[in-house]
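No value in this document is a laboratory result; all are computed from the given coordinates. Predicted model only: the values in this text are computed from it and were never measured. When we count neighbours, we look across all protein chains shown, and the Cβ atoms used for this are built from the backbone with ideal geometry, even at glycine.
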Amino acid sequence: MTELQKPASFPVGGRRLVVYVVWDRRGGVEDFVPFALAGLREHAARVLVVVNGSLSEEGRAKLEPVSDEILVRSNAGFDIWAHKDALDHVGDAIGEFDEVLLTNDTWFGPVRPYGPVFDRMGERAVHFWGMTDHVRQEPNPFTGKGVLPYHLQSFWIAVRREMFLSEAWRRYWAELPEMPTYFDAVLKHEAVFTETFAQDGFTHDVAFPAVEIGTKNPSLYRAEALLDAGCPTLKRRPFLQWPPYLDRHAVVGRWTLEKAAAFGYPMELLWRNAARTIPPKDLNTDAAALEVLPDVDVSYDQERPLRTVVFAHIFYVEMTDEMLDRADTLPGAYDLVVTTSDPERAEGIREALRRRGHDRGEVDVRVVGSNDGRDQSAFLIACRDVLLSGDYDLFVKIHSKKTPQDGFNIGRHFKEQQFLNLLNSPGHTANLVALFQREPGLGMVFPPMIHIGYPTLGRGWSVNKPGAERLCEELGIRVPLDDVSPLAPFGSMYIGRPEALRILIEHPWTYDDFGGAEAYRDGGLAHILERLPVYAAGELGYHVRTVATAEYMSVSHTTLDFLLDEMSATTPGYTYEQIELIRKAGYVGTGSARDFARMYMRVNFPGTGARLRAIMASDSVMGKVARAARKPRTTLRRLLGR
């Protein structure tokens, strides 16, 4: 090792270059980014922000006060190639610095102060250091074979001049391979960077070692322990990871969020980013964003009432009193807008209101121009003026739900599931409204997905997803759609802020858009819109919560527990492994010989592609394939000519 390569501590009065990479699907900059950079700027002589993709003028305006230079590049090679381009851009001027910090926007912070970490690591004589690390694993979890080397996690790598002025450093970046996928970025850079330079004789250290935290990957599995230890960064991964995987490792995101809030991190920054960038059902699960509210008021602030309007679409006039009893559980005054389908029903509703002596606020009974679209069109068309008036902080959307076509028990449960969880009692509803008082970024709340009496589990999108994708593109909604089922107010009753649904409310819907009474079915606009409010709210940065009573959760959870137990009985492994196997096997269909043969081939011979599909499509060979599925693999290989 040459004199230049000997490790050194960070000198007193030393100069640090921070290279921070940003990517945003909208070309903007999320608010948590300038917050993170503002703190880093105190510890840097120069801050270079690299933007992958495009950058809007609004985004640039957010970055300029917290950076010295902004470099916009094509979105290729993830943050790794962005770091390479930044180093090329800095060129020989890198010699002006004593340390280069390569980081990115995959974390929230500072949750704890940066200063103590910089001070502690600055005293150590090393060539490079990381914030967190990952232990060696065999086999490699990404490939299922070989070894995943011990490595510093690449979201935060600080390199001293003795290393970044070396020939080994120049050669590493000059020979950096292409990285078209996320797994390439992990396997071709993050997993090999530490080992590569260690083998060249460079020394490294980590601020918060995994061995001290007690897990292989503390940034994912024990984020709370990292925060307790003083780590300033909170990775986004625990809130966007596939929920069954976090279930396997008992990672409870709600506890992590509570810890970050306790240390004073402005949680609205986290929630706003999460709402805009994470599939909502993933987020709702990872963050455990279900609020089980008590029937005794423990949180409502009477000194900060919210201006509230109730929208009640009443087709069944006999439900008027029942619905208004529910609305009357709201704390304080509220205005009431009733929509109905014809003048006769309107008069019956007015008579019910006169009989009740309703005195909680102003009342407006409206006859809609058409009942096509039912409560959806009534809300978005007949009530559009009220929603856009700016007169209200909060709205309540309810309707006279009976669902008689599904039978008494199912219809009763669906109605009660909606009303009980939203407007159960004065105490419950006061606690619900208090959620909006506490969280300015909370856009809407609604009951959990209906599952008792309905086959919604595994098919919540039904046939509505293609239409939802088209409508999102038309409306400019870029929140990622959930995979299997959407996070949605099934039943279409919810409470929210008018501003949160501005994208849907401002659109010039017409009754003709809803296609007539016969179009009120899956695939029709009304059923598509039922599944979109959360995504519309998320696009504007509003997060959502599901809400329930303790009584309903006692019914729902026990049912779900039993259903999952039964469905898991014939499949080995942890739940996430069962899901992976079932997904790999594909659609079960009716359990015919053709279906099972197709599943067998998908599991045991993946990647056979079009050739296999052509074979499987042939009725003349299906019997042979089904029989061969019970024989050794060599038989199948002969059958398929492989």
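Taking amide H as placed 1.01 Å from N in the peptide plane, the amide H of Trp107 sits under 5 Å from that of Arg236, each at least 5 places away or on another chain.
Axis of helix 78-90 versus longest Cα principal axis of the chain: the two differ by about 50°, to the nearest ten degrees.
Among Arg545, Arg304, the ranking by other beta carbons within 10 Å of each residue's beta carbon, starting with the fewest, stands as Arg304, Arg545. Within the stretch 292-550, the proportion of C-alpha pairs whose separation exceeds 24 Å stands at 45%. Computed on the chain, with alpha-carbon pairs under 8 angstrom and 6+ residues apart, the relative contact order is 12 percent.
With 0.36 nm allotted per residue and the present C-alpha distance subtracted, the Asp342-Ser592 stretch has 84.9 nm of extension available. Full extension of the chain between Ser54 and Asp88 yields a length gain of 10.3 nm, computed as 0.36 nm times the residue separation minus the alpha carbon distance. Distances between every pair of Cα atoms in the stretch 288-387, grouped in 10 Å steps from 0 to the bin holding the largest one, split as 14, 41, 30, 14, 1 percent.
Placing +1 on the Cβ of every Lys and Arg and -1 on the Cβ of every Asp and Glu, with nothing else charged, gives the chain a dipole about its Cα centre of roughly 2840 debye. The value of relative contact order for the stretch 104-216, using C-alpha pairs under 8 Å at least six residues apart, is 34 percent.
Over 30 Å apart at the Cα level, from the set Lys188/Lys465; Lys188/Lys259; Lys259/Lys415; Lys62/Lys235, are Lys188/Lys465; Lys188/Lys259; Lys259/Lys415. With neighbours defined as other Cβ atoms within 10 Å of a residue's Cβ, the residues Asp565, Asp24 order from fewest to most as Asp565, Asp24. Across all directions, the average projected area of the convex hull around the alpha carbons of the stretch 1-90 is 7.1 nm². How many percent of all Cα-Cα pairs in the stretch 3-235 sit more than 30 Å apart? Summing the P(r) tail past 30 Å for the stretch 3-235 gives 20 percent.
Whole-Hz Karplus values for the stretch 565-575 come out as 4, 5, 6, 8, 5, 9, 10, x, x, 5, 4 Hz, taken residue by residue from phi with 6.51 cos²θ - 1.76 cosθ + 1.60 and θ = phi - 60°; glycine and proline positions read x. For the stretch 163-168, putting each phi into the Karplus relation 6.51 cos²θ - 1.76 cosθ + 1.60 with θ = phi - 60° gives couplings of 9, 6, 9, 8, 5, 4 Hz, in residue order, rounded to whole numbers and with x for Gly and Pro.
Computed across the chain, the Kirkwood radius stands at 28.0 Å (inverse of mean 1/r, all Cα pairs).
With the convex hull of the Cα atoms taken as the outline of the stretch 148-227, the averaged projected area works out to 6.0 nm².
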